[in-house]
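Asks: Sharing a structure here in structure tokens format.
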Amino acid sequence: MKIAAIQMVSGPDVAANLASARRWMAEAAARGAQLVALPEYFCLMGLNDSDKLAVAEAPGQGPIQQALADAARELGLWVIGGTLPLRTPDPQRVRNSCLVFAPDGAQAARYDKMHLFRYDNGRERYDEGRVLEAGEQPVALQAGALRVGLSVCYDLRFPELYRAMGETAPLDLISVPAAFTHTTGEAHWELLLRARAVENLAFVIAPAQGGRHQNGRRTWGHSMIVDPWGVVLDCLPEGEGLALAELDLARLAQLRTQLPALSHRRL
């Protein structure tokens, strides 16, 4: 099964971001991908954190969700829709939600980012909790032949989330749409992705924001696909584009037979 991680450099214009996302999804489908994943905040990298409030959609309706559903149906793809803001009862808070759409255009899953990023090194300051409401529940789904675990960006630093998703059955693919800062990404992005792949004996797809945005923020990029042995199958360092790879499920089964670490857990 071929999969594609889409890298974007999104800005404050939702319509332009949706057009760019659709173009890259079509390119991925043309190159044989059956599953594509968009980055965190693919639809909006606003000038201010509060810009998310103005474009937030009600669950199940709105142009962003419709664009994802239409792309999945018209291109015949599983679409992991990065993240988009969904409304909450509190008008000053939104959920940073990852929606998955099946090839028939139906919504197959929703995951709300559980861990909210905060960072302050004296030069860069981020606090997602100012406008985001944290999710509460891990989510995994069956996407064709793959059991897929959903996570978002900062979740990557919390390995217990992936253990929880794999309790009932092992994960075949871990999804990590992200907008890692350049500072933290340079230090930890690849390290953490490869660690999550190895410790869960699973493929990882990590679509990212990758470049300088109109709000002045610089994201790390390096969208990649990693195999269960920690091998990076493809990586796009910066700018818009695709990381593509064919998932060898026979190799996945072989590695789990050779090293049955998941069955050796004591805690």
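FYI, it's all coordinate maths here, none of it is from the lab. Keep in mind it's a predicted model, so treat the numbers as computed, not measured. We place every Cβ from the backbone using ideal geometry, glycine too, and count neighbours over all the protein chains shown.
Asks: Using alpha-carbon pairs under 8 Å, 6+ residues apart, how would you state the relative contact order of segment 2-264 in percent? Could you put the intermediate results ahead of the total?
Replies: Working: 639 pairs, mean separation 53.4, N = 263.
Averaging sequence separation for qualifying contacts and normalising by length gives 20 percent for segment 2-264.
Asks: OK, next. May I ask you to sort Cys43, Cys153 by Cβ crowding, counting other Cβ atoms within 10 Å and putting the fewest first?
Replies: Numbers: Cys43 30, Cys153 27.
Ordered from fewest to most neighbouring Cβ atoms within 10 Å, Cys43, Cys153 come out as Cys153, Cys43.
Asks: How much length, in nm to one decimal, is gained on full extension between Glu167 and Tyr119, taken as 0.36 nm per residue of separation minus their Cα-Cα distance?
Replies: Numbers: separation 48, 0.36 × 48 = 17.28 nm, distance 3.07 nm.
Net length gain for the segment: 14.2 nm.
Asks: Can you tell me what share of the DSSP beta bridges in the chain is antiparallel? A percent to the nearest 5 is fine. It would help to have the intermediate numbers written out before the result.
Replies: On the way: 34 of 50 bridges.
If we restrict to bridges inside the chain, about 70 percent are antiparallel.
Asks: On a full-extension model of 0.36 nm per residue, what is the gain between His264 and Thr88, subtracting their alpha-carbon distance, rounded to one decimal in nm?
Replies: Numbers: separation 176, 0.36 × 176 = 63.36 nm, distance 4.09 nm.
Stretched fully, the His264-Thr88 segment lengthens by 59.3 nm.
Asks: At a Förster radius of 25 Å, what calculated FRET efficiency corresponds to the Cβ-Cβ distance of Ala19 and Arg217, to the nearest 0.05? All intermediate terms of the calculation are to be shown ahead of the outcome.
Replies: Details: r = 21 Å, r/R0 = 0.85.
The pair Ala19/Arg217 has a calculated efficiency of 0.75.
Asks: If you build the Cα gyration tensor of the chain and take the root of 5 times each eigenvalue, what three semi-axes come out, in whole angstrom, biggest first?
Replies: Numbers: eigenvalues 141, 86, 66 Å².
Calculated on Cα positions only, the semi-axes equal 27, 21, 18 Å.
Asks: Oh, and also: Mind checking the full-extension length gain between Ala134 and Glu186? Use 0.36 nm per residue of separation minus the Cα-Cα distance, one decimal, nm.
Replies: 16.2 nm
Asks: What is the distance in Å between the Cα centroid of segment 193-267 and that of segment 114-148?
Replies: Here the two parts' Cα centres lie 17 Å apart.
Asks: Here is a further query. Just want the ordering: Leu84, Leu236, from fewest to most Cβ atoms lying within 10 Å of their own Cβ. Let's see the in-between values first.
Replies: Working: Leu84 27, Leu236 20.
Listed from fewest to most nearby Cβ atoms, that is Leu236, Leu84.
Asks: Starting from the Cα gyration tensor of segment 44-118, take the square roots of the eigenvalues, sort them a ≥ b ≥ c, and report rounded, prolate or oblate (rounded when a/c is under 1.5, otherwise prolate if a/b is larger than b/c, else oblate). Let's see the in-between values first.
Replies: Numbers: a/c = 2.09, a/b = 1.88, b/c = 1.11.
Verdict is prolate for segment 44-118.
Asks: Same structure again: Using the 10 angstrom Cβ neighbour count as an exposure proxy, how do Thr219, Thr181, Thr257 rank, fewest first?
Replies: On the way: Thr219 26, Thr181 21, Thr257 8.
Lowest count first: Thr257, Thr181, Thr219.
Asks: Mean residue ellipticity at 222 nm from the helices of the chain, using -39,500 (n - 2.57) per DSSP H segment of n ≥ 4 over the full residue count, to the nearest 500 deg cm²/dmol? List each step's numbers first, then the result.
Replies: Values: 6 runs with 63 residues, N = 267.
Only helices count here, giving -7000 deg cm²/dmol.
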